[in-house]
1. Looking at LEU209 and the list (1) exposed (fewer than 15 other Cβ atoms within 10 Å of the Cβ); (2) modelled with pLDDT of 95 or more; (3) not hydroxyl-bearing (Ser, Thr, Tyr), which single condition is not satisfied?
2. Do you know which residues across the stretch 17-38 are open to solvent by 10 Å² or more (accessible area, probe 1.4 Å) and either modelled with pLDDT under 95 or not in a loop (DSSP other than H, G, I, E, B) (or both)?
3. Looking only at the stretch 179-206, how many residues end up being farther than 21 Å from ALA264 by Cβ, of a type in the set (A, V, I, L, M) and at pLDDT 90 or above?
4. Let me confirm something: among PHE355, PHE351, which residue is within 19 Å of LYS36 (Cα to Cα), touching an Asp or Glu at 6+ places or on another chain (Cβ under 9 Å) and modelled with pLDDT under 95?
5. Condition first: open to solvent by less than 20 Å² (accessible area, probe 1.4 Å) and closer than 23 Å to PRO261 by Cα. Now tell me which residues in the stretch 324-340 satisfy that.
6. Could you list all residues from the stretch 309-318 that are out of contact with any Lys or Arg (no Cβ under 9 Å at 6 or more places or on another chain) and of a type in the set (A, V, I, L, M, F, W, C)?
7. Being more than 17 Å from GLY162 (Cβ to Cβ), over 25 Å from the mean Cα position of the chain (by Cα) and of a type in the set (D, E, K, R) is the filter here; which residues of the stretch 172-207 pass it?
8. Here are some residues: LEU336, LEU342. Which one is at pLDDT 90 or above and either more than 16 Å from HIS311 (Cα to Cα) or among the hydroxyl-bearing types (Ser, Thr, Tyr) (or both)?
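The values are calculated or read from the model by the stated rules, or taken from the named source; none is laboratory data. Quantities reported herein were computed from a predicted structural model and do not represent experimental measurements. Because the Cβ atoms are built from the backbone with ideal geometry, glycine has one as well, and the counts that use them run over all protein chains shown. Accessible surface is based on the protein model in full, side chains and every heavy atom, while ligands, DNA and RNA are left aside. Shrake-Rupley method; radii C 1.70, N 1.55, O 1.52, S 1.80 Å.
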Amino acid sequence: MPRTTTVESSGCPPLRALTFDILGLIKVVEAKGEQKEAPKVVETWGEPDASRCVLAASLVDREFDPLLGVARKSGKIEVLSPVNGDVRASISIESQNHPGSADNSIVGLHLFKGERLGSSSRSCNLLTCTSKGQANMTYVKMSKSLEDSGGESTQTTWNVCGSGSILCSKVDGDESYALFGGKGVEVNIWDLNQCAKVWSAKSPAKNSLGIFTPTWFTSATFLCKDDHRKFVAGTNSHQVRLYDISAQRRPVVSFDFRETPIKAVAEDVDGHTIYIGNGSGDLASFDIRTGKLLGSFLGKCSGSIRSIVKHPELPIIASCGLDSYLRIWDVKSRQLLSAVFLKQHLNSVVFDSKFSTREAQVPPQQQDTDETLQTEEEEEEEEEKTVKRKKASKEHSGSKKLKTKKKSKRSKGDSNDIA
């Protein structure tokens, strides 16, 4: 028998995560309290509809006026409030080159945090990219009513590839550059201010057997928020590559991870640690400077991992995928802290790290009034229940008395007949 040891989980710290699935549902998962309780689903936004499947999501994580962008299968982009799920704006991305094409779905979405040219406090800018390489920089003016917000948008469109299929896109921390890559499309970087290509990767050389690896990028991310020159990309041939555009066009570091395609790549805040998830549910961390495996996360996922996100403040990461589980992991020990079953296949997950500060800013008077209202409502409900119980008991006792009277009359009549 193999030697096994049981590891006790310390539980999850207070956190709030939003998950997005194939039926278009947005589920809010929270873990509150200092006792490190298990996270659970507290809210579900939307109705299940396969045509509203969430393909990409982007969160502006800030303390005041946070925004959440969601790209759906129907071609609509919704800007919501991550606090209560209210829709702030809704637009549709028009496909000029492939109108009405089902294959030209949205594969990338980024909601800009900073104000760009022509933007204001009542507006937002977002970047989308379709599988055919059509990139859109959209300026959306938000208003109080949803009907008014749908028409007030302007788009700047350009093509990032001539052939192939885009599968991944990412915007750097300064929101000035974006990278695109996919099947038959080498990774290329574009200047968003000028909508011009500034760099394009070159295919790796043939191996010792003379075999050429086809271009097929599945995921990518910038290594550091302050530097757009270094980024990491995962391929369908289970390779992880580090590119440095200031050094060369080919990968600086390249290594293999297991034997299934790389499906998700996430960076750490330290600038050199990355987290890799593949199609067979394996999750591991690497030091990208040397390509050394730091360790695999304990616990096997039963489905393909589709999204990995690092919490900006806590030493935890979240992963989700086709096994319908949201898993929270400890970065240091690589232990599984918690797993939440969410019923549908999951496509993406984001962390809302400012929810605790927003809750702390609620005035105590408002909290007291809410509590008093809740107590008053509970008392009224209890009084109604007691009144109903009393009425039911009286009716029951009255029916019993009638039954006893009828029985006594019948017994007397029988006795008279016998006499």
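1. Among (1) exposed (fewer than 15 other Cβ atoms within 10 Å of the Cβ); (2) modelled with pLDDT of 95 or more; (3) not hydroxyl-bearing (Ser, Thr, Tyr), LEU209 violates only (2).
2. Quick first cut of the stretch 17-38, residues open to solvent by 10 Å² or more (accessible area, probe 1.4 Å) only: 22-23, 25, 27, 30, 32-38.
Residues satisfying the conditions are LYS27, GLU30, LYS32, GLY33, GLU34, GLN35, LYS36, GLU37, ALA38.
3. So the answer is 3.
4. PHE355
5. Hits for the stretch 324-340 are SER324, LEU326, ILE328, TRP329.
6. VAL309, LEU314
7. Selection gives ASP191, LYS206.
8. Answer to the check: LEU342.
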